[in-house]
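Structure record follows, encoded as structure tokens.
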Ligand code: M6R
């Protein structure tokens, strides 16, 4: 996803901007650029591909003295990754960088073209700089012109704008996309999409609220709400310790990443889910022509996402979908047909077995699609097409936000396939409505976390855990068990609830903990009787459900929803937090569990 940095001051502008962009690299991008105004000059540089290409272009540029600068890494949403589409975008005398999506840019562009503005890029962002210059002519006041421009924008944005009309000033606006302002004792002012570029530069930062806008120049930071009311910025000290800052006050990266799920999943959805359907710009319609079935291949948590995705794909689109563990697939001499779309899922994009499975499928002439979190990774480079999950960097070895975003991409992809084949409009609208509720529902409620923390002390021993679920909740049970075993080192298994009586129930006794995923919207009565059978054999039951369940020894209540995927995402949060709290109580290094690596590049 795009990243923004900005600077006002007299130190090395170029150095701060380029190093800041590097700190944001993990977000994924396909081009980069910067614009700088100093006493002497106004310069812009852009490059497609890696930041080193931009560095090459600016190697002879040495701005000096007071100045302002803005820079950007672009992850293409409107228009291809070209220099013309890279930010900053230029009007006649101003530059803008932007994260997010301006939803009404087509109307604005038409209006501005009529008024004589000439556009050179295919982006939504370029409208912002033209709007600004348009209103500047009318109002003759740079901030009023900027404010009026921002009030015309619909959608999500974090914007920085610099202009020759006010060469010492950076104008900014925020709605939906993150934007932080930092300052220090050396009278420098900084802007960035996240803390990382500011550490070591700013001593204090303020996190802008949605719908705010304003301007900064030396010794002046003015912030306003949309009604024009001046807002006193709430500056907080910024730690100089990178690792501490990156953990953002959480005990472990895994905990922070669980809390980030609500935000990152909004980024996964952004631009892909509209009120009347889903869009996947990365896929051209012909790509799926002739496809009659789908084979999904992955490892670990990504495999669990794949299993869940197959339920969604079959249920929504009626296209047969099969899932295989990559290390098994590679050596089984599989029968492959070119009417099958081969989908690989990977957080890192470097997992050796998944990568090799992908290469095998390509050699057999299959079309390939990667669902991946790391742009430019080996898997992304190898696949015909990639849907990036946009989870941001995931540091905890136990995957959490990567899983959540994989699930969201798979759900959107399933709907995309269903749309292509013709989906009932009521079903489509119910699915979209549910998708749009997920970010809110993933916000961790203090009460829920506290309850899980308290409950966790009862689950530190025993001879094993069974996570059970039915239908799409079965792969979620697998994932819950994997989360617990990899960080707590306790033995945990995921099972389809209906399978217990075919053997595993023999293990039932009070020291066998059953974590039962009991959604109201999918096979509730069926799973209820499976859990009753376990309870009758004295297994200790922890039920997770919106419905009260009298015979449970412990009960975690989730909200009542009318779509099973809303229950799925909420239960995902619960099993992640449960694993985290048990592992913390056991004194384990949650982020770096023994014997495991984040990226498994050997088979
Ligand atoms: O990077 P990948 O998604 O390809 O990694 C696959 C597995 O190694 C990974 O999901 C692993 O199972 C995690 N430790 C799970 O938390």
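Values in this text are rule-based calculations from the coordinates and carry no lab data. Predicted model only: the values in this text are computed from it and were never measured. Note that we place each Cβ from the backbone using ideal geometry, even for glycine, and neighbour counts take in every protein chain shown.
Numbers at a glance
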quantity: Scaled radius of gyration (Cα, divided by 2.2 N^0.38 Å) that the chain gives; calculated: 1.02
quantity: Difference of contour (0.36 nm per residue) and Cα-Cα distance, residue 59 to residue 144; calculated: 27.0 nm
quantity: Mean projection area, nm², convex hull over Cα of the stretch 246-334; calculated: 8.7 nm²
quantity: Whole-Å distance, taken between Cα centres, linking the stretch 554-603 and the stretch 171-250; calculated: 32 Å
quantity: Rel. contact order, % - alpha carbon contacts under 8 angstrom, at least six apart, the stretch 444-603; calculated: 26 percent
quantity: Volume per residue of the C-alpha convex hull in the stretch 444-603, rounded to whole Å³; calculated: 123 Å³
quantity: Rg and Dmax of the stretch 288-378, Cα atoms only, in Å; calculated: 12.1, 32
quantity: Stretch gain in nm, segment residue 207-residue 137, where the contour uses 0.36 nm per residue and the Cα spacing is subtracted; calculated: 22.0 nm
quantity: In degrees, nearest ten, helix 446-455 long axis to first principal axis of the chain (Cα); calculated: 30 degrees
quantity: Nearest 10 degrees, 0 to 90: helix 524-536 Cα axis against the chain principal axis; calculated: 50 degrees
quantity: Per-selection Kirkwood Rh - the stretch 297-442 (Cα, Å, 1 d.p.); calculated: 15.6 Å
quantity: Part-to-part distance (alpha-carbon centres) for the stretch 60-134 and the stretch 292-349, which is given in Å; calculated: 40 Å
quantity: The stretch 250-442 - share of DSSP beta bridges that are antiparallel (%, nearest 5); calculated: 10 percent
quantity: The stretch 466-482 versus the stretch 18-58: alpha-carbon centroid distance in Å; calculated: 45 Å
quantity: Whole-number percent relative contact order across the stretch 3-246, with pairs defined as alpha carbons under 8 Å at least 6 apart; calculated: 19 percent
quantity: Estimated FRET transfer efficiency when R0 is 41 angstrom, pair residue 227-residue 80 (beta carbons, to 0.05); calculated: 0.60
quantity: Alpha-carbon radius of gyration plus Dmax, which is the widest Cα pair, for the stretch 4-106 in Å; calculated: 13.1, 39
quantity: Share antiparallel - DSSP beta bridges, the chain, percent rounded to 5; calculated: 60 percent
quantity: Calculated FRET value between residue 526 and residue 427, using beta carbons and R₀ = 22 Å, to 0.05; calculated: 0.45
quantity: Cα long-axis angle, helix 253-269 against the chain (0 to 90 degrees, to the nearest 10); calculated: 70 degrees
quantity: At R0 = 22 Å, FRET efficiency that the Cβ-Cβ distance of residue 557 and residue 446 yields, to 0.05; calculated: 0.90
quantity: Square roots of five times the Cα gyration tensor eigenvalues for the stretch 502-568, Å; calculated: 22, 12, 9
quantity: Kirkwood-Stokes translational diffusion coefficient of the stretch 388-523, alpha-carbon pairs, 20 °C, 1.002 mPa s, µm²/s; calculated: 123 µm²/s
quantity: Ellipsoid semi-axes in whole angstrom, largest first, where each is sqrt(5λ) of the Cα gyration tensor of the stretch 3-246; calculated: 25, 21, 17
quantity: Taking the stretch 82-127 and dividing mean pair separation by its residue count, relative contact order in percent (alpha carbons under 8 Å, at least six apart); calculated: 46 percent
